[in-house]
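A short write-up of the structure that comes next.
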Amino acid sequence: QVQLVESGGGLVQPGGSLRLSCAASGSILSINAMGWYRQAPGKERELVAAVTSDGSTNYAASVKGRFTISRDNAKNTVYLQMNSLKPEDTAVYYCNARAVTTPGFLRDHWGQGTQVTVSS
């Protein structure tokens, strides 16, 4: 069983910054990748950014140049630095971990989400 605890969400004005953190714990053998997804009201959940164990990253086009994802493999923690925030970034942000908890079994695990609101 994997638990993902997210923190760092909140209310900021346009142009502001937030840093999200997600710590994974539990019976983890290995984590292949960690990332952040978001879902705004009335819209489908979308990938924001992800990072693999070897450091490869992937970003949604809408956040490139503004968001940076990083990972501390030793702590099983992923971060999302969000700069130059826009109102359209408002959403619930969910942490994701693709992890092995039983030998030979890789699956996705999800956090409960943290609200990010960008508004003046």
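Screening Ser21 with (1) within 16 Å of Val118 (Cα to Cα); (2) touching a residue at least 40 places away in the same chain (Cβ under 8 Å) gives one miss only, at (1).
For Gln1, state whether it is at pLDDT below 95 and open to solvent by 60 Å² or more (accessible area, probe 1.4 Å). It is true that Gln1 is at pLDDT below 95 and open to solvent by 60 Å² or more (accessible area, probe 1.4 Å). Total residues in region 38-70 satisfying the condition of being at pLDDT below 95 and charged (D, E, K, R): the figure is 1. Listed by position, the strands (runs of 3 or more DSSP E) inside region 81-120 whose residues that are open to solvent by less than 10 Å² (accessible area, probe 1.4 Å) number at least 2 are 91-102, 114-118. Within region 44-68, the set of residues being farther than 17 Å from Leu85 by Cβ and out of contact with any strand residue (DSSP E or B) (no Cβ under 7 Å at 6 or more places or on another chain) comprises Glu44, Asp54, Gly55, Ser56.
In region 17-31, of all residues being surrounded by 14 or more Cβ atoms within 10 Å (Cβ to Cβ) and more than 12 Å from the chain's Cα centre (by Cα), the one that is modelled with the highest pLDDT corresponds to Leu18. Checked against (1) of a type outside the set (Ser, Thr, Tyr); (2) closer than 19 Å to Ala97 by Cα; (3) exposed (fewer than 15 other Cβ atoms within 10 Å of the Cβ), Val51 meets all criteria but (3). Going by the structure shown, is Ser84 farther than 21 Å from Asn32 by Cα, touching a helix residue (DSSP H, G or I) at 6+ places or on another chain (Cβ under 8 Å) and of a type in the set (S, T, N, Q)? Spelling it out, it is not the case that Ser84 is farther than 21 Å from Asn32 by Cα, touching a helix residue (DSSP H, G or I) at 6+ places or on another chain (Cβ under 8 Å) and of a type in the set (S, T, N, Q).
The C-beta contact set for region 6-17 (first residue of a type in the set (A, V, I, L, M, F, W, C), second residue open to solvent by less than 30 Å² (accessible area, probe 1.4 Å), distance under 6 angstrom, 6+ apart or interchain) comprises Val12/Leu18; Val12/Leu85; Val12/Val118.
The values are calculated or read from the model by the stated rules, or taken from the named source; none is laboratory data. Owing to the predicted nature of the structure, the values given are computational and were not obtained by experimental measurement. For neighbour counting, all protein chains shown are included, and Cβ atoms are generated from backbone atoms with ideal geometry for every residue, glycine included. Note: accessible area is taken over every heavy atom of the protein model, side chains too, but ligands, DNA and RNA are not part of it. Shrake-Rupley method; radii C 1.70, N 1.55, O 1.52, S 1.80 Å.
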